[in-house]
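Report on the following structure.
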Amino acid sequence: MGKTLFDKIWDSHIVTQIEGGPCVVYIDKHLVHEVTSPQAFAGLDRRGIKVFRPEHTIATPDHNVPTVNQHLPIQDQLSRMQVNKLAENTKNYGIKHYGLNHPYQGIVHVIGPELGLTQPGMTIVCGDSHTSTHGAFGSVAFGIGTSEVEMVLATQCIMQLRPKCMRITIDGDLKKGVVAKDIILYIISKISASGGTGYFVEYAGSAIRNLSMEGRMTVCNMSIEMGARGGLIAPDEVTFAYLKGREYAPKGKDWDKKLAYWKTLYSDKDAEFDRELTYNASDIEPMITYGTNPGMGVAITGRIPDIDSVDESARASFSKSIKYMGFEAGSPMIGKEVNYVFVGSCTNGRIEDLRAFAGFVKGKKRAKHVVAWIVPGSRQVEKQAKEEGIDKILAEAGFELRQPGCSACLAMNDDKVPEGLYAVSTTNRNFEGRQGPGSRTLLASPLTAAATALTGKVTDPREFL
Amino acid sequence: MAINKFTTLRSRCVPLPVENVDTDQIISARFLKATTREGFGENLFRDWRYNKQNQPIKEFVLNNPAYSGKILVGGKNFGSGSSREHAAWALYDYGFKVVVSNFFADIFKNNALNNGLLPVQVSSGFLIKLFKAIDTDPETEVEIDLGKQRIAILSTGEAEEFDINPYKKECLINGYDDIDYLLSIRDKVEAFEATREHE
């Protein structure tokens with residue numbers, strides 16, 4: 001029997017397996033940020049051991065960083081201490097660190113791909129659940145806890161039970177105004193926020209193949225939002241073209257050798273998956289969420305479900321969620337008042353996202369009552385946006401391009417949506433209080449965010465196309 | 001280094017019959033700025049526990065004096081979302097030793113096990129019985145025997161066996177730590193590295 005893409009990569013990284021227990025998995029690339037690493041470094045200190053393979057770990061601060069005045073010391077004392085601690089720990093343990101103001105600093109899941117650190121066939125981990133982003137390159141990438149961060153630092157390995165494999169195939173052409181974000185919000189709305197738990201998901205089909213690398217990253221990024229360990233897409237010419245010439249990508253003969261290997265990374269025709277799902281791309285509309293988990297999404301032209309249509313066991317949680325959002329069950333999404341728009345994050349903070357947003361608002365004006373934060377995913381994205389004049393287009397339309405970081409996606413810095421107000425956000429989570437205590441988040445694509453920023457209410461981007 | 005051992009536990013329960021309790025609710029991102037593992041219990045379920053004026057919200061179960069104990073009973077998909085291990089630390093620091101649910105998110109489950117916090121996954125039917133027993137009598141005690149992989153509601157006599165990976169079970173019973181194990185096989189890791197074609 002043939003192997004799945006996941007099997008091929010996983011199997012080639014098993015150091016040993018405990019009988020009836022977890023696999024000891026070798027990790028090729030370890031990304032580190034300031035929030036989930038200090039306790040792991042403290043563990044090494046206590047044990048009196050060094051980092052086993054420091055050259056396989058790369059660090060950058062992203063969660064806590066402000067998105068204005070990054071040249072100044074961070075105002076928030078605790079944030080500053082955590083960011084400084086990362087610099088200190090990485091220096092002490094000999095780990096490459098792209099600190100604040102370094103031209104390569106940014107959200108870990110944005111800089112990994114753009115620097116060519118992320119490559120097909122690798123195992124990649126980070127103390128962050130959106131590590132699944134890197135699966136877009138045909139790597140096995142997933143988020144881990146801090147104890148596991150310590151394991152990787154100490155031994156370059158972690159211990160994991162083998163997940164099951166699921167394939168989600170999406171064939172056909174996407175409709176106008178429908179983008180990668182809508183695909184993944186659609187899938188999660190179909191299988192729920194827990195429907196992928198226990199699985200690693202391979203995304204396949206022509207609609208996935210036709211996505212750019214950045215679109216594929218958006219899809220893989222949100223795998224965790226259906227509970228999946230990670231998501232991945234077989235590498236192809238689009239992947240190889242993206243990688244070629246990047247800072248850490250292989251060069252010369254090494255490139256040829258790696259390329260030959262990368263071309264073997266696909267699920268064999270006779271490979272069997274534990275679960276298979278298929279959707280038609282043409283059924284997907286621009287999507288938006290109405291509740292407090294990413295599975296609570298509908299087509300933007302749709303309505304919030306009626307309570308009667310919700311599974312009886314889930315009704316109490318559904319009602320709690322709708323109440324938190326201040327919505328009525330059964331009401332339409334179009335036209336709901338929005339106060340904030342956030343474009344950014346590891347889901348949609350890359351250059352194509354900024355281009356899409358800027359292209360949409362060019363020559364138009366932001367609705368006066370809308371506060372908008374446009375936050376690039378990295379310094380390199382910021383630089384490129386400026387080179388392309390995106391900052392000027394945004395400024396003319398009443399928007400400001402801020403400095404890179406995770407920002408309002410989880411509101412660890414000062415970018416917080418006030419209590420009770422509504423934000424249309426290109427991020428990945430609409431949990432209670434995610435964007436600030438009491439904030440209400442509606443997840444959507446950069447196009448929907450742009451249309452909404454212009455009108456100040458939930459708006460179908462196709463009205464402008 | 002070791003984790004705290006777990007063998008058996010007899011305790012009252014704290015019921016939280018909500019689905020999809022994500023780790024942002026367990027411990028909000030704004031409390032993740034600490035650089036140690038201690039003290040997160042204070043802010044466990046912060047925004048469900050306290051209002052803006054930092055006054056306890058009476059309706060929330062942790063503020064209800066009728067309920068106490070070392071066992072938290074949650075709804076489906078407990079611990080979803082962010083990989084933050086701080087969620088497991090916060091629950092443990094608050095005093096919970098066990099979380100019962102009919103479905104756990106993957107990363108949370110791993111993090112809990114790595115910190116001596118036992119996730120007990122029961123059937124949906126048993127979970128309903130458990131919520132009902134606690135609702136009928138908040139002083140209902142539950143006994144968890146990790147060796148036998150059994151959870152029992154003492155007042156009703158209802159019991160169920162639960163699954164746990166045998167390796168993880170050994171670790172919890174003996175207080176073993178994965179890192180100690182991995183450090184002990186570093187020669188195997190080096191041997192593995194030497195065999196790799198693609199690196």
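Mind listing which chymotrypsin sites (Phe, Trp or Tyr not before Pro) in region B:53-109 are in a DSSP loop and have 15 or fewer other Cβ atoms within 10 Å?
B:Phe60
At a threshold of 8 angstrom on Cα-Cα distance, excluding pairs fewer than six apart, so keeping six or more, what relative contact order does region A:33-163 reach in percent?
For region A:33-163, the relative contact order is 29 percent.
Could you point to the residue in A:Val15, A:Ala395, A:Ser439 farthest towards the positive end of chain A's charge dipole, with +1 and -1 charges on the Cβ of Lys/Arg and Asp/Glu respectively?
Result: A:Ala395, furthest along the dipole toward the positive end.
Test of the criteria: in region A:236-317, which chymotrypsin sites (Phe, Trp or Tyr not before Pro) are in a DSSP loop and have at most 16 other Cβ atoms within 10 angstrom of their Cβ?
Sites meeting the loop and neighbour criteria: A:Tyr248.
Take every DSSP beta bridge whose two residues both sit in chain A, then give the antiparallel share in percent to the nearest 5.
Once the DSSP bridges in chain A are tallied, antiparallel ones form about 25 percent.
Remind me, relative contact order of region A:323-465 in percent, using alpha carbon pairs under 8 angstrom and six or more residues apart?
31 percent
Using a Gaussian network model of chain B with C-alpha springs under 10 Å, which one of B:Leu91, B:Leu182, B:Leu16 is most mobile by mean-square fluctuation?
Most flexible of the set in this elastic network: B:Leu182.
What is the magnitude of the charge dipole of the protein assembly as shown about its Cα centre, with +1 placed on the Cβ of each Lys and Arg, -1 on the Cβ of each Asp and Glu, and no other charges, expressed in debye to the nearest 20?
In debye, rounded to 20, the protein assembly as shown gives about 1240.
For chain B, modelled as a Gaussian network with Cα springs under 10 Å, which listed residue fluctuates most, B:Ile151, B:Ile128, B:Ile179?
Answer for the Gaussian network model of chain B: B:Ile179.
Answer with one residue from A:Pro103, A:Pro120, A:Pro163: the one whose Cα lies farthest towards the positive end of the charge dipole of region A:100-182, charges on Cβ with Lys, Arg +1 and Asp, Glu -1.
Checking the options against the dipole of region A:100-182, the answer is A:Pro163.
From the phi angles alone, apply the Karplus equation (6.51, -1.76, 1.60; θ = phi - 60°) to region A:411-422 and give each ³J(HN,Hα) in whole Hz, x where the residue is Gly or Pro.
6, 7, 9, 7, 7, 10, 7, x, 3, x, 8, 9
Which chymotrypsin sites (Phe, Trp or Tyr not before Pro) from region B:1-41 combine a DSSP loop assignment with at most 11 other Cβ atoms within 10 Å?
Qualifying residues, ordered by number: none.
Cut-off 10 angstrom, C-alpha nodes, Gaussian network model of chain B. Which of B:Gln55, B:Gln149, B:Gln25 fluctuates the most?
B:Gln55
Please return the longest stretch of chain A lacking exposed loop sites, where GluC sites (Glu not before Pro) count only if DSSP places them in a loop and at most 14 other Cβ atoms lie within 10 Å.
A:20-246
Say the cut-off is 27 Å between C-alpha atoms; which of A:Lys190/B:Lys169; A:Lys8/A:Lys258; B:Lys33/B:Lys109; A:Lys8/A:Lys176; A:Lys253/A:Lys386; A:Lys416/B:Lys52 go over it?
A:Lys190/B:Lys169; A:Lys8/A:Lys176; A:Lys253/A:Lys386
Scan chain A and note any complete DSSP helix (H) whose C-alpha atoms cover at least 18 Å along its axis and whose Kyte-Doolittle average is 1.0 or more.
Length and hydropathy pass: none found.
Just the number: Rg to Rh for region B:145-196, Cα atoms, Kirkwood Rh, two decimals.
Radius of gyration over Kirkwood radius for region B:145-196 works out to 1.30.
What range in chain B is the longest one free of trypsin sites (Lys or Arg not before Pro) that are in a loop by DSSP and have at most 11 other Cβ atoms within 10 angstrom?
B:59-195
Rounded to the nearest 20 Debye, what is the dipole magnitude of region A:236-369 about its Cα centre when Lys and Arg each give +1 and Asp and Glu each give -1 at the C-beta?
Magnitude of the dipole: close to 1120 debye.
Please state the relative contact order of chain A as a whole percent: Cα pairs under 8 Å, 6+ residues apart?
For chain A, the relative contact order is 17 percent.
Nearest 20 debye, what's the magnitude of the dipole of region A:90-207 about its Cα centre given +1 on Lys and Arg Cβ and -1 on Asp and Glu Cβ?
100 debye
Every number here is computed from the coordinates shown, using simple stated rules; none is lab data. The structure displayed is predicted, hence computed values, not measured ones. Positions of Cβ are generated from backbone atoms using ideal geometry, with glycine treated the same way; all protein chains shown enter the neighbour counts.
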